[in-house]
Amino acid sequence: MKEEIELIKEGKRLDGRGFDELRRIKIEVGVLKRADGSCYLELGDNKVMAAVYGPREMHPRHAQDAKMAVIKFRYNMAPFSTDDRKRPGPDRRSVEISKVCREAFDPVIIRELYPKMGIEVYVELLQSDAGTRTAGINAASIALADAGIPMKDLVSSIAVGKINGEVVLDLNAAEDNNGEADMPIAMIARTNTITALQMDGRMTQEEFGRGLKLAMGACHQIYELQRAALITRYNQNYESKREEK
Ligand code: CDP
């Protein structure tokens, strides 16, 4: 059995956060010139770049769907994003995370509008500190909107977990590595619709319920930040176009 490491001191976590506090979030929209949509996002010490291409003709042709667009989602951790250099290229973990992230967008992307086309989403982790899939989903959601992909809504994502017997929001790497449970969640905040949920470790039913509530509250906060970042970006575009005239 794992020896318990002290992650909570005098009711605070080691980075000074309360149990229900998010890490700092920074969002920049439209940062890549060659992508149709892009977003740079920081969630605490996670740094992620998301780029979207499409809708465009899907290759190879046999992978096309005659009725709707196919979403390709690639999550990748840069070799320099972790403590020990990660081996470049896909591994089991990144294949699994790419699939989970793609499925988190299934209920929102209106794929029927683009038969035979492909929409490519790339999520590159430049620096990782746990919760990278949630940071990736938040960034991808904004990059998809920036690319003008028709969506019913944005998807927002965060993890909750259990450390030293307490249910806490948004675990950092020290908490994730030494905690009892980690549960990343993605949802459509406005309708409280969960589009992805995973669980690593164990929680009681009561802790699960509390965790879910914490995550839902945080997704509402993240949704507002995502919306605000998109609005800021498009106001800027509007202002600079007016100045050009
Ligand atoms: O990042 P996320 O919490 O979504 O996924 P995880 O598989 O639970 O990984 C937790 C953290 O472990 C990552 O964010 C990285 O900080 C670290 N990790 C790493 O350093 N090297 C890897 N090959 C995989 C994960």
Is it the case that V168 is under 24 Å from L7 (Cβ atoms), outside any helix (DSSP H, G or I) and at pLDDT 95 or above?
-> yes
Could you check, for the stretch 197-216, whether at least one of its residues is surrounded by fewer than 22 Cβ atoms within 10 Å (Cβ to Cβ), of a type in the set (A, V, I, L, M, F, W, C), closer than 15 Å to A135 by Cα and within 16 Å of the ligand (Cβ to nearest atom)?
-> yes
Among the listed residues K152, K99, which satisfies the condition of being within 25 Å of A228 (Cβ to Cβ), of a type in the set (K, R) and more than 10 Å from the ligand (Cβ to nearest atom)?
-> K152
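Residue by residue, here is whether (1) under 21 Å from G201 (Cβ atoms); (2) touching a Pro at 6+ places or on another chain (Cβ under 7 Å) holds:
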{"position": "R17", "(1), (2)": "yes, no"}
{"position": "E21", "(1), (2)": "yes, no"}
{"position": "K26", "(1), (2)": "no, no"}
{"position": "F73", "(1), (2)": "no, no"}
{"position": "K86", "(1), (2)": "no, yes"}
{"position": "G89", "(1), (2)": "no, no"}
{"position": "V100", "(1), (2)": "yes, no"}
What is the one condition in (1) surrounded by 21 or more Cβ atoms within 10 Å (Cβ to Cβ); (2) within 16 Å of the ligand (Cβ to nearest atom); (3) free of Cβ contacts under 8 Å to residues at least 40 places away in the same chain that G179 does not satisfy?
-> (3)
Looking only at the stretch 24-62, count how many residues are touching a strand residue (DSSP E or B) at 6+ places or on another chain (Cβ under 7 Å), surrounded by fewer than 19 Cβ atoms within 10 Å (Cβ to Cβ) and at pLDDT below 95.
-> 1
Where a residue in the stretch 49-69 is farther than 8 Å from G118 by Cα and assigned to a loop (DSSP other than H, G, I, E, B) and its partner, wherever it lies, is at pLDDT below 95 and not aromatic (F, W, Y), with Cβ under 9 Å and at least six apart = D65/M58
Only one residue in R133, R190 is assigned to a helix (DSSP H, G or I), in contact with a Phe, Trp or Tyr (Cβ under 8 Å, 6 or more places away or on another chain) and either free of Cβ contacts under 8 Å to residues at least 12 places away in the same chain or over 21 Å from E42 (Cα atoms) (or both). Which one?
-> R190
Given the conditions (1) surrounded by fewer than 19 Cβ atoms within 10 Å (Cβ to Cβ); (2) more than 16 Å from the ligand (Cβ to nearest atom); (3) under 15 Å from the mean Cα position of the chain (by Cα); (4) outside any loop (DSSP other than H, G, I, E, B), every one holds for E112 apart from (3)
Give D45, D65 a once-over and let me know the one that is within 16 Å of the ligand (Cβ to nearest atom) and charged (D, E, K, R).
-> D45
If you go through A159, A229, A186, A215, the only one that is aliphatic (A, V, I, L, M) and within 22 Å of R111 (Cα to Cα) is A186
Determine if the stretch 133-140 includes at least one residue that is within 9 Å of the ligand (Cβ to nearest atom), basic (K, R) and surrounded by 19 or more Cβ atoms within 10 Å (Cβ to Cβ).
-> yes
Among the residues of the stretch 80-109, which ones are part of a loop (DSSP other than H, G, I, E, B), surrounded by 14 or more Cβ atoms within 10 Å (Cβ to Cβ) and at pLDDT 95 or above?
-> P107, V108
Hey, can you tell me all the residues within the stretch 145-168 that are of a type in the set (A, V, I, L, M) and either free of Cβ contacts under 8 Å to residues at least 24 places away in the same chain or in contact with a Gly (Cβ under 8 Å, 6 or more places away or on another chain) (or both)?
-> A145, A147, I149, I158, A159, V160, I163, V167, V168
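The values are calculated or read from the model by the stated rules, or taken from the named source; none is laboratory data. As the structure is a computational prediction, the values presented were derived from the model and not from experiment. Cβ atoms come from the backbone with ideal geometry, glycine included; neighbour counts cover every protein chain shown.
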